[in-house]
Amino acid sequence: MCDNQAVRGPVPTEEMLPTYEYKCPECGEFEKEQRMSAPPLKKCPHCGKAVTRLVGGGGGFVLKGANWVSKMPSSGESAKKKSDRFMKQTVGEVAEDIAKHSRTH
């Protein structure tokens, strides 16, 4: 086992449990922190009715660096940068369309 915590990462604690979303027909949606190995909840902790675990979209992430095309302008962006960003976005979308159509024909 690796002794280097920088490589291994932080030691999991109770505060680092994943959060799952559930939906109760009576109470609505709620979140519950649980271990990944724990079985899903079957009953609402508030009213006791049957619940459904929702499939989450996962955490959002941001791509950083000059090579990623962003559709969102940043404040203080020069006209040249806006133009370049728009061109990268357009060329990328055209390339995706060409690739899609070439697969279907």
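The values are calculated or read from the model by the stated rules, or taken from the named source; none is laboratory data. These figures come from a predicted structure and were not determined experimentally.
So here's what we get for this one:
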item	result
Single residue of segment 42-69 satisfying the filter (at pLDDT 95 or above and aliphatic (A, V, I, L, M)) that is farthest from residue 81 (Cα to Cα)	50
Answer from 21, 93, 33, 26 - the residue that is over 23 Å from the mean Cα position of the chain (by Cα), at pLDDT 70 or above and among the acidic types (Asp, Glu)	26
